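The next block holds one structure in the form of C-alpha cells; read it before the comments.
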Amino acid sequence: MMTCRNLLCCAVLLCAGVSLYGEALPQYASEVHLGVATCASGVCHGSVSARTSTDVPQNEYVTWSRLDRHSNAYNLLLSEKSRQIADNLGLANAHEAAVCLDCHADNVPEALRGARFQISDGIGCEACHGGAERYISSHVDPDISSIENHANGLYPTGQFPSRAALCFSCHLGSDNKIASHEIMGAGHPRLSFELDTFSVLQPAHHVVDEDYVQRKGAAGNVSVWALGQVEAAAQTLRLIETKLIPENSLFPELSLFDCHACHHAMSDQKWVSQERNPAPPGTVRLNDSGLLMLIPLARVFDESLQAGLHSGLQSLHHQVNKSENAVAAVSGLRRNLDLLSSAISRKPSGTSEARKLLDEILAMGSQGQFHDYVAAEQAVMAIDMLLSVLGNRDDRSDWVDQLYETVADEDQFYAGDFIDLFLTYPDSP
Ligand code: HEC
Ligand code: HEC
Ligand code: HEC
Ligand code: HEC
C-alpha cells in the first residue's frame, strides 16, 4: 500500500557496512552501544515535555517510544506474520535471526553491547546516531565541536548524503543486508522509500529552530527530495553491482526487478515500448524507481548532463538482462550521477526549482513514463511534495486524492488510468 505524507489523502485512503562515502554506518562502527536506557534518563533525552531552554527538546525518547515505528520494529518480529515468514524460510524464529534483526533492531555484535543494551528496544537511538561509548560525555559539552563528536562516533544524521545512506541501508538494502526475493517470497512486504516523504512521516524528534539552523543548516524539502533521489540512484547502482548475481543461482536477485514485471495475469499486457527502457518484450524490467527522476533533475540542475544520463540509463536497462555488461553500464552512469549530485548541492533549491521539476514530472506523466507501479508511486510522492512546497496542494486536493487512489493498491494499478489523470491536471483550479 502506498503511504501518504498528508492527512488530506489519509482521509481518502487507508493510511494505514560503510556508507558510500566511507564513514561506517552505526551498525558496523567500532563503538560500544550503551542502550536506549542510557539516553532516556529524565535529565538527558527522557523529558516528558519539550524544553525550550536547551538546544535540543530533550523529549526525544518520548517521541520515539510513543510515536515512532522504529521503536516497534523488534516487536514486529514477534508477530504472527513474522512467525510465518520465519517458518517459510526454515528459521527457528524471527526475533533471533540475524537476517531479520539487521533491519529491525540495533543488531551490533555481542562484544559491542553495553550493560544497559537491550536488543528488544528495536531501532533505538544508537542504531541511527551511532554507539555512544565515546561521545556520551563529549556531546553534552558545548565547547566540543560537532567535528569532534563525529570523530567520537556520533553519526552525522544532520548531513547529506550520510543521512540518506543510513535510511537506505534498511529501506532499500545495502552491501550487508537486503530484503531478497526469497524473504519476500516468504511473505515480507516489498520495500519502497523516498527520503523526503519518509523524513516527514517519521515523527520528528528534533526542532528546526534558529539555533538548529545555525548549528546544522536546514535543507528544504526540494533539496532533501533531490539529494534523496541521487542517493537512491547511487544505492540502486551499488546493489546491482554487488547483489545482481547471487552465488549458485540460475536466476539473478529478483528483488532488484519490478515485481509486476513477473507477477501479473497473462491477459494483462504490461509491456509497452518506452523511451527510457529499450529492452525488448519478454525481458524482465529493472525496478528503476531509484533512477527515474535523474532526467528531470538534470534538466533542472544541469542540462549538459541529460544526454549522458539518458544513454547511461538506456544502456543499463538494456544490459541488466546480460549480467556482466550490467556492471559496466553502472560505472558509465556513476560519473554523471556524481556530477549531478554536485550540481544539486551547489545551490539550495526553492520554489523556482520546484515549479520546473513539477512541470517536468507532469509532462512525464502525460507521456506515460510512469507505466510501472514503482514509478507511479515515486511520481505521486514527488508531486505531493512539490505542490506542498509551491503552496498549491490545497487548491488541487481533489486531484491529488485521485492520484493517491490510483496507486492505493498495487495489484489494482492500471497505467492507463494513471496517464488519464495527468491529462486532467487542473492547471488553474
Ligand atoms: C533490508 C532490511 C530488512 C530485512 C532484511 C528485513 N526487513 Fe522486515 N521490514 C523492513 C522495513 C523497512 C519494513 C517496513 C516497510 C514499510 O513500512 O515501508 C519491514 C516490515 C516488516 C514487517 C511488516 C509487514 C506488514 O505487513 O506490515 C514484518 C512482519 C517484517 N518486516 C518481518 C521481517 C522478518 C521476519 C525478517 C527476517 C526474515 C525481515 N523482516 C527482514 C526491512 C527489512
Ligand atoms: C531512525 C533513525 C533515528 C532514530 C531511531 C533516532 N534518531 Fe534522533 N535523529 C534522527 C534524525 C534523522 C535527526 C535529524 C537530523 C539531525 O539533527 O541530526 C535526529 C535528530 C536528533 C536530535 C537533535 C539534534 C540537534 O542537533 O538538535 C537529538 C537530540 C536526537 N535525534 C536524539 C535521539 C534519541 C535520544 C533517540 C532515541 C530515543 C533518537 N534520536 C532516535 C534519526 C534518528
Ligand atoms: C536499522 C534499520 C532502519 C533504519 C536505519 C531506518 N529505518 Fe525506518 N524503518 C525500519 C523498519 C524495520 C520499519 C518498520 C517498523 C514497523 O513498522 O514497526 C521502519 C519504518 C519507518 C517508517 C514508517 C513507515 C510507515 O509505513 O509508516 C518511516 C517513516 C521510516 N522508517 C523512516 C526512516 C527514515 C527517514 C530513516 C533515516 C533517518 C530510517 N527510517 C532509518 C528500519 C529502519
Ligand atoms: C523474474 C520474475 C520475478 C520478479 C521480477 C519477481 N518475482 Fe516474485 N516470484 C517469481 C517466481 C517465478 C516465483 C515462484 C513461483 C510462484 O510462487 O509464483 C515468485 C514467488 C513470489 C512470492 C511467493 C508467492 C507464492 O505464492 O508462494 C512472492 C510473495 C513474491 N514472489 C513477491 C515478489 C516481489 C515483492 C517482487 C518484487 C520486489 C518479486 N516477487 C519479483 C518471479 C518473480
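Pairing each residue of region 217-231 that is surrounded by fewer than 19 Cβ atoms within 10 Å (Cβ to Cβ) with any residue that is outside any helix (DSSP H, G or I) and of a type in the set (A, V, I, L, M, F, W, C), provided the two are 6+ apart or on different chains, yields C-beta distances under 9 Å for A218/V208. Can you confirm whether L101 is under 24 Å from G173 (Cα atoms), crowded, with 17+ Cβ neighbours inside 10 Å, more than 16 Å from ligand 4 (Cβ to nearest atom) and more than 27 Å from the chain's Cα centre (by Cα)? So L101 fails the test.
Of everything listed in (1) within 13 Å of A29 (Cβ to Cβ); (2) more than 16 Å from ligand 1 (Cβ to nearest atom); (3) in a loop (DSSP other than H, G, I, E, B), the single unmet condition for H150 is (3).
For the subset of region 281-301 comprising residues that are touching a Ser or Thr at 6+ places or on another chain (Cβ under 9 Å) and farther than 22 Å from I383 by Cβ, which member is surrounded by the fewest Cβ atoms within 10 Å (Cβ to Cβ)? Filtering region 281-301 for residues that are touching a Ser or Thr at 6+ places or on another chain (Cβ under 9 Å) and farther than 22 Å from I383 by Cβ, the one surrounded by the fewest Cβ atoms within 10 Å (Cβ to Cβ) comes out as P281. Name the single residue, out of those in region 35-59 being of a type in the set (V, I, T) and under 13 Å from V207 (Cα atoms), that is surrounded by the most Cβ atoms within 10 Å (Cβ to Cβ). The qualifying residue surrounded by the most Cβ atoms within 10 Å (Cβ to Cβ) is V56. Being modelled with pLDDT of 95 or more, assigned to a helix (DSSP H, G or I) and touching a Cys at 6+ places or on another chain (Cβ under 8 Å) is a condition met by no residue of region 127-140.
Restricting to region 104-125, what's the tally of residues that are of a type outside the set (A, V, I, L, M, F, W, C) and either under 19 Å from the mean Cα position of the chain (by Cα) or under 17 Å from H171 (Cβ atoms) (or both)?
5
Screening the candidates V32, V62 for the property of being surrounded by 16 or more Cβ atoms within 10 Å (Cβ to Cβ), closer than 30 Å to E210 by Cβ and at pLDDT 85 or above yields one hit, V62. Scanning region 176-206 for residues that are at pLDDT 95 or above, assigned to a helix (DSSP H, G or I) and among the aliphatic types (A, V, I, L, M), we see that the one that is farthest from ligand 2 (Cβ to nearest atom) is M184. When L166, L112, L201 are checked against the criterion of being under 21 Å from E231 (Cα atoms), surrounded by fewer than 22 Cβ atoms within 10 Å (Cβ to Cβ) and hydrophobic (A, V, I, L, M, F, W, C), L201 stands alone in meeting it.
Just so you know, in region 52-89 the residues that are assigned to a helix (DSSP H, G or I), farther than 20 Å from D102 by Cα and of a type in the set (A, V, I, L, M) include one that is farthest from ligand 4 (Cβ to nearest atom), and it is V62.
The values are calculated or read from the model by the stated rules, or taken from the named source; none is laboratory data. Please read all numbers here as calculations on a predicted model, not as lab measurements. Note that each Cβ is placed from the backbone with ideal geometry, even for glycine, and that neighbours are counted across all protein chains shown.
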